[in-house]
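Here is the structure we will look at, set down as structure tokens.
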Amino acid sequence: MSNHLLRSLPSIERLLERPLASRLSAETSRERVRDLLREITDELRKQLVGDTRSSLPTPQALTDIVERELEQRAAEQARPSLRRVINATGVIIHTNLGRAPLSRQAIEAVCEAAAHYSNLEYDLSRGERGHRETHCQELLARLAGSEAAVVANNNAAAVLLVLNTLAESGEVIVSRGELIEIGGSFRIPDVMAKSGVTLREVGTTNRTRIADYERAVNERTRLILRVHPSNYRIIGFTERPSVREIAALGSHTGIPTFEDLGSGCLVDLAPYGVKDEPLVAESLDAGISVVSFSGDKMLGGPQAGVIAGSRQIIDRVRANPLMRALRVDKMTYAAIEATLRLYERGVAETEVPVIRVIAVTSDEIAERAARFCEAVAAAGGVRACTEDGASVIGGGSAPEVKLPTVLVALDGGSISAASVEERLRNHSIPIITRMERDRVVIDLRTVTPGDEAVILQAIAALAQPASQSAASVET
């Protein structure tokens, strides 16, 4: 490799004056474009030094290589960090993909709240400052079957608030079998410790009786906690007190009872195969003092933690100084209220995306899958077939529930399954699939009909060679 070719590399200043760099400088900044050009030319220089081929690129070819890479990297950096993806996994409440998608009505409400001023903390009837915690409280309480309700920024925050409000410096009784870990390595004992309470474990991992709770009650007991096993199941030789037994013990001792419901269902999903998720109203009807649950799981709303229970307890939670640190913003209130209105109108099954896709039958999915395979065949290049499979709820909800579905299995021929998965994932609108038996499979249960065309476009592109890095040296 001669020094002559190294000297033929275009200078940074010369590249900055060319049309492409000028346009990108106007879109971002000249300094950022200069940094990118330095990175690219440094990489290219290292490749040229180690290249022993007799036929090497011309100075114009080097300029073309640099500019192609510049355009690609600039486009990648211009993409938002948080991007839309298509969930083709069949995992309905996919934590890694943002959990529950919002309904059309909730999206419109968020846009309205975001684009204008609002009465977030203004009492319109009295013409003076109000309290944000009053929003949604009556609607939430009515649907949950409680006296009052309040919203925090997620369910972990809701648990923290209830524990700190009711049991700070005291003991909280909980079964060893309910000391769960949720996503991201957050553990119930850790949340309890941060809330300023002392954990009093009773029973064993697989068996805890109401008598274990009774024996643990002492003068320092401030709360009895029950945690719904929404993200795991212990099977076999097991025993666990019922909600009514826990509530009765609280009533007898005068100690408040708290149930962390995790996912939280406002409507019965048993007709659709989800039989182990308790209704919020059932726990409160049984006599539990206060419950908490997530807003972006089975409810199908935004990230939030709902606390519902007796008015006395909710008033205490609302007055806790931590409430200001854990409160939600105007867009969350707008989204959760719009979502709750759909439940109030009795149209959640058709209007709330999470409930809607849970309710879809395998026969309906089979029809879509068959049409999808026909479209893949018409495009050519990739083969597709249908097969029976299962969708899951996800998001730490209903771990044993498998909803019958029909999968679309892709066969890329000479293209490996790993390459198919990667190229779909790197599409302009990323398509997240799943791998089964070394094949890429698509579950249309979690794909909106309008997104099928995007997936078909990406599959058609699989027949084309994968793009190569523009920074690699070409002859």
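Given H placed on each backbone N at 1.01 Å, which residues far from Tyr122 in sequence or on other chains put an amide H within less than 5 Å of it?
Long-range HN contacts for Tyr122: Gly130.
What's the FRET efficiency of Asp388 with Glu76 using the Cβ-Cβ distance as r and R₀ = 35 Å, to the nearest 0.05?
Computed FRET efficiency for Asp388 and Glu76 comes out at 0.35.
Expressed in nm to one decimal, what extension gain is obtained for the pair Glu219 and Arg176 from 0.36 nm per residue of sequence separation less their Cα-Cα distance?
On the way: separation 43, 0.36 × 43 = 15.48 nm, distance 2.10 nm.
Roughly 13.4 nm would be gained on extension.
For the pair Ile107 and Asp42, what calculated FRET efficiency results from E = 1/(1 + (r/R0)^6), where r is the Cβ-Cβ distance and R0 = 56 Å, to the nearest 0.05?
Values: r = 45 Å, r/R0 = 0.80.
Working from the Cβ atoms, E equals 0.80.
Could you rank the peptides 361-367, 244-250, 152-158 by their average count of other C-beta atoms within 10 Å per residue, with the highest value first? Walk me through the numbers on the way to the answer.
Details: 361-367: 15.0, 244-250: 19.3, 152-158: 23.0.
Packing proxy ranking, top to bottom: 152-158, 244-250, 361-367.
Using a 7 Å offset from the Cα along the Cα-to-Cβ direction at both Glu282 and Arg425, what is the distance between the two label points in nm, to one decimal?
Rounded to a tenth, the inter-label distance reads 3.8 nm.
Report the extension gain between Arg244 and Ala460 in nm, rounded to one decimal, defined as 0.36 nm multiplied by the number of residues separating them, less their alpha carbon distance. Before the final figure, lay out each step's value.
Values: separation 216, 0.36 × 216 = 77.76 nm, distance 5.69 nm.
Answer, rounded to one decimal: 72.1 nm.
On a full-extension model of 0.36 nm per residue, what is the gain between Ala61 and Asn119, subtracting their alpha-carbon distance, rounded to one decimal in nm? Please list the in-between numbers first.
Working: separation 58, 0.36 × 58 = 20.88 nm, distance 6.05 nm.
Here the segment from Ala61 to Asn119 would lengthen by 14.8 nm.
Once all Cα-Cα distances of the stretch 129-231 are split into 5 Å bins that start at 0, what whole-number percent is in each one?
Taking all Cα pairs of the stretch 129-231, the binned fractions are 2, 12, 18, 20, 18, 15, 9, 4, 1, 0, 0 percent.
Across the stretch 93-102, in residue order, what do the Karplus-derived ³J(HN,Hα) couplings come to in whole Hz, using 6.51 cos²θ - 1.76 cosθ + 1.60 with θ = phi - 60° and x for Gly and Pro?
Values, residue by residue: 9, 8, 4, 5, 10, x, 6, 6, x, 7 Hz.
What does DSSP give for the stretch 104-351 in terms of the percent of beta bridges that are antiparallel, rounded to the nearest 5?
Working: 14 of 32 bridges.
Of those bridges, close to 45 percent are antiparallel.
Once both axes come from the Cα atoms, what is the angle between helix 155-167 and the longest principal axis of the chain, in degrees from 0 to 90, rounded to 10?
Between helix and principal axis, roughly 30 degrees.
Using a 7 Å offset from Cα along Cα-Cβ at Ser362, what residues in the stretch 369-387 end up with backbone N under 19 Å from the label point?
Residues 369-373, 385-387 qualify, since their backbone N sits under 19 Å from the label point.
With a cap of 16 neighbouring Cβ atoms within 10 Å, and only residues DSSP puts in a loop, list the trypsin sites (Lys or Arg not before Pro) found in the stretch 355-409. Kindly include the intermediate steps, with their values, before the conclusion.
Details: sites: Arg356, Arg368, Arg371, Arg383, Lys402; in loops: Lys402.
Sparse-neighbourhood loop trypsin sites (Lys or Arg not before Pro): Lys402.
For the chain, what proportion of DSSP beta bridges, expressed in % and rounded to the nearest 5, is antiparallel? Walk me through the numbers on the way to the answer.
Numbers: 31 of 52 bridges.
Given both bridge residues lie in the chain, the antiparallel proportion sits at roughly 60 percent.
What percentage of all Cα-Cα pairs in the chain are separated by more than 35 Å? Provide the component values of the computation, followed by the final result.
Details: 55024 of 112575 pairs.
Percent of Cα pairs beyond 35 Å in the chain: 49.
Relative to the longest principal axis of the chain, what angle (0 to 90°, nearest 10) does the C-alpha long axis of helix 330-344 take?
Approximately 60 degrees, to the nearest ten.
Using Cβ counts within 10 Å as a stand-in for footprinting exposure, how do Thr41, Thr58 rank, fewest first? Mind showing how you got there, number by number?
Values: Thr41 21, Thr58 11.
The most exposed by this proxy come first: Thr58, Thr41.
Using just the helices of the chain, give the 222 nm mean residue ellipticity in deg cm²/dmol: DSSP H runs with n ≥ 4 each add -39,500 (n - 2.57), and the total is spread over all residues, rounded to 500. Each step should come with its number before you reach the end.
On the way: 20 runs with 198 residues, N = 475.
It comes out at -12000 deg cm²/dmol, rounded to the nearest 500.
Quick query: amide H of Thr221 versus all other amide H atoms, modeled in the peptide plane; which residues come in under 5 Å with a sequence gap of 5 or more or a different chain?
It is Glu171, by chain and number.
Using label points projected 7 Å from each Cα along Cα→Cβ, tell me how many nm separate Ala453 and Ser29, to one decimal.
3.9
Here, each number is a calculation from the coordinates, and none is a lab measurement. Everything quoted here is computed from the prediction, not taken from an experiment. So basically every Cβ, Gly included, is an ideal-geometry build from the backbone, and we count neighbours across all protein chains shown.
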